[in-house]
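The values are calculated or read from the model by the stated rules, or taken from the named source; none is laboratory data. Quick caveat: nothing in here was measured; it's all calculated off a predicted structure. Backbone-built Cβ (ideal geometry, glycine too); neighbour counts: all protein chains shown. These accessible areas exclude ligands, DNA and RNA; they are computed on the full protein's heavy atoms, side chains included. Shrake-Rupley method; radii C 1.70, N 1.55, O 1.52, S 1.80 Å.
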Amino acid sequence: MTAGRRKSKRNKLEIYATILEVIRLGTDRITRISYGVGVPLDRLNVMASDLCSFGLARKMADDEGTRYSITPRGSEFLDTYWKMKGFLEIMGDGEY
């Protein structure tokens, strides 16, 4: 980063989308998802729970622990999110 310029904070929607993208790319354990997203584990647990309650992700337990997967609705959300983000950037409104 250059002096005087800060990286903007991500909003909740951006973090939700990043969580889903990390899961879609094959990371399914909460600790690894936390590393991939750059969010502390305690905050990520709450957000992953939110995504499950929205029907965008699924939580599954197995012998090795808990795994997360993206649902078809979550994939649809992500596709729409990336399209809208692209439109907003083209229109010059990257901060939404």
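Taking 7 Å steps out from each Cα toward its Cβ at residue 31 and residue 43 produces label points 2.1 nm apart.
Solvent-accessible surface (1.4 Å probe) assigned to residue 80 amounts to roughly 80 Å². Ordering 21, 89, 64 by accessible surface, largest first, gives 64, 89, 21; the 1.4 Å probe counts only protein heavy atoms, with every chain in place. Mean projected area of the Cα convex hull of the chain, taken over all directions, amounts to 7.3 nm².
Ordered by solvent-accessible area of protein heavy atoms (1.4 Å probe), largest first, the residues 59, 9 come out as 9, 59.
For the range 34-49, backbone phi angles converted through the Karplus equation (6.51, -1.76, 1.60; θ = phi - 60°) give residue-by-residue couplings of 4, 5, x, 8, x, 10, x, 4, 5, 5, 5, 4, 5, 5, 5, 5 Hz, Gly and Pro being listed as x.
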